[in-house]
Amino acid sequence: MKINEIFQSIQGETTFQGLPSVFIRSTGCNLRCNWCDTQYAYDDGTDYGVDEILKIIEKYHCKYVVITGGEPLSQKDAPALAEQLIKGGYRVLVETNGSRDISILHPDTIKIVDMKCPGSGMTENILWENMSCLSAHDEVKFVIADYKDYLWAKSVIESYKLTDICTVLISPVFNRLAPESLAKWIISDNLSVRLQLQIHKYIWGSDIRGV
Ligand code: SF4
């Protein structure tokens, strides 16, 4: 599996926000979102076997492991890595861009599925079949660039009754949409979603890797 970086930080997003977590960032992504903040992970990386990654993770003695990218599900060993970590007693989150089949993951994997709003330019890549593979412990995330994105997210949430299935997260694109605007739209619609800000960027800034 080609890995861009492994590091420990504070989980900046999801309902696990604030927890110390180890991040395994895979190399490569099949999408090119307009506002991508992880372009450094498109190509650079080192090949590791699953066993080698497990040994590295052991050294952190950290309960929470996040497999992220890039797009981790573009790599064939990602499901095996998640399963081995789960068997090792870790709580495992897999952050995916929503264009790959999530049903291949171990049922105890906490799937964080990004839904690509129109502002990302990648909406046509959404694998809609994933909507029927969500469990109550999974989380669906919408990153919102503007009001058009918000209205699109709202319509998807309502069409698929997502808030009845799992946690729904809504974030503003960092430095592009004011959190206050997004908060006002959510309150005005009484939308049962969780507004989240990427707290690692507030702690360390938006240009620092490995946080
Ligand atoms: S899916 Fe993530 S890593 Fe891939 S282009 Fe979009 S923001 Fe960047």
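Structure above, values below:
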item	result
Pick from the stretch 183-211, criterion free of Cβ contacts under 8 Å to residues at least 12 places away in the same chain and among the hydroxyl-bearing types (Ser, Thr, Tyr), ranking: surrounded by the fewest Cβ atoms within 10 Å (Cβ to Cβ)	Ser188
Candidates Tyr160, Tyr150, filtered to the one that is out of contact with any Lys or Arg (no Cβ under 7 Å at 6 or more places or on another chain) and crowded, with 20+ Cβ neighbours inside 10 Å	Tyr150
Matching entry among Gly205, Gly210 (being under 16 Å from the mean Cα position of the chain (by Cα) and farther than 22 Å from Ile126 by Cα)	Gly210
Condition check for Phe142: crowded, with 18+ Cβ neighbours inside 10 Å, among the aromatic types (Phe, Trp, Tyr) and within 30 Å of Glu5 (Cβ to Cβ)	yes
Subset of the stretch 28-76 [under 24 Å from Lys87 (Cα atoms) and within 16 Å of the ligand (Cβ to nearest atom)]	Val66, Ile67, Thr68, Gly69, Glu71, Pro72, Leu73, Ser74, Gln75
Criterion violated by Asp114 - all others in (1) under 30 Å from Asp77 (Cα atoms); (2) away from the ligand (no atom under 16 Å from the Cβ); (3) buried (at least 18 other Cβ atoms within 10 Å of the Cβ) satisfied	(2)
Residue selected from the stretch 64-95 under the condition touching a strand residue (DSSP E or B) at 6+ places or on another chain (Cβ under 6 Å) and among the charged types (D, E, K, R), by the criterion surrounded by the most Cβ atoms within 10 Å (Cβ to Cβ)	Glu95
Selection count where residues are in a strand (DSSP E or B) and not aromatic (Phe, Trp, Tyr), scope the stretch 1-42	14
From the options Glu139, Glu71, Glu52, Glu95, residue that is of a type outside the set (Val, Ile, Thr) and more than 15 Å from the chain's Cα centre (by Cα)	Glu52
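Just so you know, all these numbers are worked out from the coordinates, no wet-lab data involved. No experiment lies behind these values; they were computed from the predicted model shown. Reconstructed Cβ throughout: ideal geometry from the backbone, glycine too, with neighbour counts over all protein chains shown.
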